[in-house]
Amino acid sequence: MATKAFAAATMILALSTGHPRAQAPETPSNVRSLNAHVKAALSDGLRRSAIVRELVASIDVAGVVVYLEEGPCAEGVGCTMLVPSPGSIRLLRVNFVLRTPDGATPLLCRRERLIAQIGHELQHVAEIAADASVSDEESLSDLFRRIGHQRGHAQAFETDRAQRTSQLILEELRTTTPRTRRPASSPARGTYDEPSR
Ligand SMILES: [Zn+2]
């Protein structure tokens, strides 16, 4: 018993002393980014959007890890993909199109647009996380054929829920700008409906 208690105490000490330097404290463990621009938007989204906070919290306990990065998409300015991984934790990648040969996209120019798109893609991540049968490209397509609709490109799908999520986040961000008279944290919960039904 004494050994166990000591071990637990040591662990708590190690966690509390190691945490601040070991990883960025504002970036939740299962939703990650190596891109400075996306990382900053995610932090801002976590601060200003209750919907983003709830999505990240649900992904954090869902046994999936997602990387939010800059990259190409066959359709649109954001896309969510399954990355083949040998372990039991499913790995996902979200690409955001920040630049094209024509220049910067609205995602790079407007912070709110990127936060809304992050929320949109995290909704897709949550949809995938909620279905344990999704393990490869075929089962992924099966899921989105069931819950969504095809969008242009043969392997591109969309869901009404994700589209609604980005709209609601944009509305939420309008009520949580720094110039809002009331504190941003308290009134945000009531500004949208059924984010995680
Ligand atoms: Zn979508």
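In the range 135-149, which residues are free of Cβ contacts under 8 Å to residues at least 12 places away in the same chain and either closer than 21 Å to Arg113 by Cα or within 12 Å of the ligand (Cβ to nearest atom) (or both)?
Step one: list which residues in the range 135-149 are free of Cβ contacts under 8 Å to residues at least 12 places away in the same chain, which gives 138-139, 142, 146, 149.
Within the range 135-149, His149 is the sole residue that qualifies.
Which residue, of Asn35, Asn95, is closer than 26 Å to Leu140 by Cα, polar (S, T, N, Q) and more than 16 Å from the ligand (Cβ to nearest atom)? Break it down stepwise before answering.
Values: Asn95 fails: more than 16 Å from the ligand (Cβ to nearest atom).
From the options Asn35, Asn95, the qualifying one is Asn35.
Return yes or no: is Leu107 surrounded by 16 or more Cβ atoms within 10 Å (Cβ to Cβ) and modelled with pLDDT of 95 or more? Break it down stepwise before answering.
On the way: surrounded by 16 or more Cβ atoms within 10 Å (Cβ to Cβ): yes; modelled with pLDDT of 95 or more: yes.
So Leu107 fits the description; yes.
Being surrounded by fewer than 22 Cβ atoms within 10 Å (Cβ to Cβ), touching a residue at least 12 places away in the same chain (Cβ under 8 Å) and more than 21 Å from Ala132 (Cβ to Cβ) is the filter here; which residues of the range 44-60 pass it? Walk me through it before giving the result.
Of the residues in the range 44-60, the ones surrounded by fewer than 22 Cβ atoms within 10 Å (Cβ to Cβ) are 44, 46-47, 50, 53-54, 57-58, 60.
Narrowing further to those that are touching a residue at least 12 places away in the same chain (Cβ under 8 Å): 44, 46-47, 50, 54, 57-58, 60.
Those that are surrounded by fewer than 22 Cβ atoms within 10 Å (Cβ to Cβ), touching a residue at least 12 places away in the same chain (Cβ under 8 Å) and more than 21 Å from Ala132 (Cβ to Cβ): Asp44, Leu46, Arg47, Ala50.
Within the range 89-103, is there a residue that is touching a residue at least 40 places away in the same chain (Cβ under 8 Å), surrounded by fewer than 17 Cβ atoms within 10 Å (Cβ to Cβ) and more than 12 Å from the chain's Cα centre (by Cα)? Steps first, answer last, please.
Start the filter on the range 89-103 by keeping residues that are touching a residue at least 40 places away in the same chain (Cβ under 8 Å), which leaves 90, 96, 98.
Keeping just the survivors that are surrounded by fewer than 17 Cβ atoms within 10 Å (Cβ to Cβ) gives none.
No.
Which residue, of Glu69, Glu127, Glu112, Glu54, is within 16 Å of the ligand (Cβ to nearest atom) and either at pLDDT 95 or above or not small (Gly, Ala, Ser) (or both)? Show your work before the answer.
Working: Glu69 fails: within 16 Å of the ligand (Cβ to nearest atom); Glu112 fails: within 16 Å of the ligand (Cβ to nearest atom); Glu54 fails: within 16 Å of the ligand (Cβ to nearest atom).
Of Glu69, Glu127, Glu112, Glu54, the one residue that is within 16 Å of the ligand (Cβ to nearest atom) and either at pLDDT 95 or above or not small (Gly, Ala, Ser) (or both) is Glu127.
What do you reckon, is Glu75 within 14 Å of the ligand (Cβ to nearest atom), in contact with a Cys (Cβ under 9 Å, 6 or more places away or on another chain) and among the acidic types (Asp, Glu)? Let's see the steps before the verdict.
Numbers: within 14 Å of the ligand (Cβ to nearest atom): yes; in contact with a Cys (Cβ under 9 Å, 6 or more places away or on another chain): no; among the acidic types (Asp, Glu): yes.
For Glu75, the condition - within 14 Å of the ligand (Cβ to nearest atom), in contact with a Cys (Cβ under 9 Å, 6 or more places away or on another chain) and among the acidic types (Asp, Glu) - is not met.
Looking at the structure I just gave you, is Arg145 within 25 Å of Asp160 (Cβ to Cβ), basic (Lys, Arg) and loosely packed, with under 12 Cβ neighbours inside 10 Å?
Details: within 25 Å of Asp160 (Cβ to Cβ): yes; basic (Lys, Arg): yes; loosely packed, with under 12 Cβ neighbours inside 10 Å: yes.
Criteria met by Arg145.
Checking Arg111 against (1) farther than 20 Å from Thr176 by Cα; (2) over 14 Å from the mean Cα position of the chain (by Cα), which test does it fail?
If we test Arg111 against (1) farther than 20 Å from Thr176 by Cα; (2) over 14 Å from the mean Cα position of the chain (by Cα), just (1) comes out false.
Which members of the range 150-159 meet the condition of being touching a strand residue (DSSP E or B) at 6+ places or on another chain (Cβ under 7 Å) and more than 11 Å from the ligand (Cβ to nearest atom)?
Gln150
Within the bounds of the range 166-175, is there any residue that is at pLDDT below 90 and more than 13 Å from the ligand (Cβ to nearest atom)? Explain how you work it out, then say what you get.
Keep residues of the range 166-175 that are at pLDDT below 90, which gives 175.
Restricting the remaining residues to those that are more than 13 Å from the ligand (Cβ to nearest atom) gives 175.
Among the residues of the range 166-175, at least one is at pLDDT below 90 and more than 13 Å from the ligand (Cβ to nearest atom), which makes the answer yes.
State yes or no: is Gly63 out of contact with any Ser or Thr (no Cβ under 7 Å at 6 or more places or on another chain), under 17 Å from Ala116 (Cα atoms) and surrounded by fewer than 18 Cβ atoms within 10 Å (Cβ to Cβ)? Even if it seems obvious, please write down each step before you answer.
Numbers: out of contact with any Ser or Thr (no Cβ under 7 Å at 6 or more places or on another chain): yes; under 17 Å from Ala116 (Cα atoms): no; surrounded by fewer than 18 Cβ atoms within 10 Å (Cβ to Cβ): yes.
Judged against the criteria, Gly63 is not a match.
The values are calculated or read from the model by the stated rules, or taken from the named source; none is laboratory data. Since we're looking at a predicted model, the values are computed, not measured. Counting neighbours? That spans all protein chains shown, and the Cβs are built from the backbone with ideal geometry, glycine included.
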